[in-house]
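Beneath this line is the structure, given in structure tokens, with notes to follow.
The values are calculated or read from the model by the stated rules, or taken from the named source; none is laboratory data. Note that the coordinates shown come from a computational prediction; the quantities given were computed from them, not determined experimentally. Methodologically, a virtual Cβ is constructed for each residue, glycine included, from the backbone with ideal geometry; neighbour enumeration extends over all protein chains shown. Note: accessible area is taken over every heavy atom of the protein model, side chains too, but ligands, DNA and RNA are not part of it. Shrake-Rupley method; radii C 1.70, N 1.55, O 1.52, S 1.80 Å.
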Amino acid sequence: MEYQKAAELNGLCNGKIVTEYLCRNGFSELSVDTKKVAVQHKNETSRKEAEDESRLPALEAAYTTILRGLGENTDRQGLLKTPLRAAKAMQFLTKGYHETIYDVLNDAIFDEDHEELVIVKDIDMFSLCEHHLVPFFGKVHIGYLPSKKVVGLSKLARIVEIYSRRLQVQERLTKQIAMAISEALQPVGVAVVIEAAHMCMVMRGVQKMNSRTVTSAMLGVFREDPKAREEFLALTKSA
């Protein structure tokens, strides 16, 4: 197959150093300097780890203040390391702030002549309510109608992880997941449904043990075409 050189892009494209060639049949091929990309990713990871490490003392001190404000003795055996553990846990639970979809997609978007509905359902999701800093958790169902491009299925779960590992409200989380998939794949449509239990309604407040919150985000054909929307909702409905 003959290729016609169209452009050489020196620098970064979605975090990668690439040279682009256009094929005469309309397809494109990206030649990626994988060694430089790996070094760059390693350096970025090290930088983020260093930032987290530098912020630990302030977080630890804040948790110590909270415990003392509750009347606890932070010098007793069971609480000696609790502020540090809590600080590290909070950094893990909010690690999505350091990540973007391009960090996880890598080379997992593929040209594929597939134009039928793709669904990944029952993706486990855990997040923190930004109002009370208590968990909400549940299942995410994702569907998209490809436009000649598909993504590795595990990457959809990773996108959920990026946006759920932040302080969130369920409504925004649902939309962010849908928008990220739409931006990355440029599909005909994207549909996302989340069903979750919120500890702020179970452990405190109204204390309704069996309440569930369902949110949806419909983009493209799923918003415009009732039949497409109905197909997605039927296929993701629990048996």
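Here is how the numbers come out for the structure above:
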read-out: Strands (runs of 3 or more DSSP E) (entirely within the stretch 101-151) containing at least 3 residues that are under 19 Å from the mean Cα position of the chain (by Cα) and surrounded by 14 or more Cβ atoms within 10 Å (Cβ to Cβ); value: 118-129, 135-145
read-out: Count of the stretch 44-96 residues which are modelled with pLDDT of 95 or more, open to solvent by 100 Å² or more (accessible area, probe 1.4 Å) and charged (D, E, K, R); value: 6
read-out: Qualifying residue in the stretch 164-172 (condition: among the polar types (S, T, N, Q) and either surrounded by fewer than 17 Cβ atoms within 10 Å (Cβ to Cβ) or in contact with a Lys or Arg (Cβ under 6 Å, 6 or more places away or on another chain) (or both)); value: no
read-out: Selected residue (criterion: farthest from ALA228 (Cα to Cα)) from residues of the stretch 184-205 that are outside any strand (DSSP E or B) and touching a helix residue (DSSP H, G or I) at 6+ places or on another chain (Cβ under 6 Å); value: ALA184
read-out: Residue check for ARG223: over 16 Å from GLN170 (Cα atoms) and either among the β-branched types (Val, Ile, Thr) or touching a Phe, Trp or Tyr at 6+ places or on another chain (Cβ under 7 Å) (or both); value: no
read-out: Members of the stretch 174-212 that are over 30 Å from ASP111 (Cβ atoms), in contact with a Phe, Trp or Tyr (Cβ under 7 Å, 6 or more places away or on another chain) and among the hydrophobic types (A, V, I, L, M, F, W, C); value: ALA196, ALA197, MET199
read-out: Options LYS175, LYS208; residue that is open to solvent by 50 Å² or more (accessible area, probe 1.4 Å), without any contact (Cβ under 8 Å) to a residue 60 or more places away in the chain and part of a loop (DSSP other than H, G, I, E, B); value: LYS208
read-out: Looking only at the stretch 220-239, and only at residues there that are part of a helix (DSSP H, G or I) and within 24 Å of the chain's Cα centre (by Cα), the one that is nearest to PRO187 (Cα to Cα); value: VAL221
read-out: Options ALA217, ALA197, ALA184, ALA191; residue that is more than 17 Å from the chain's Cα centre (by Cα), open to solvent by less than 60 Å² (accessible area, probe 1.4 Å) and in the same structural domain as LEU153 (by the TED database); value: ALA197
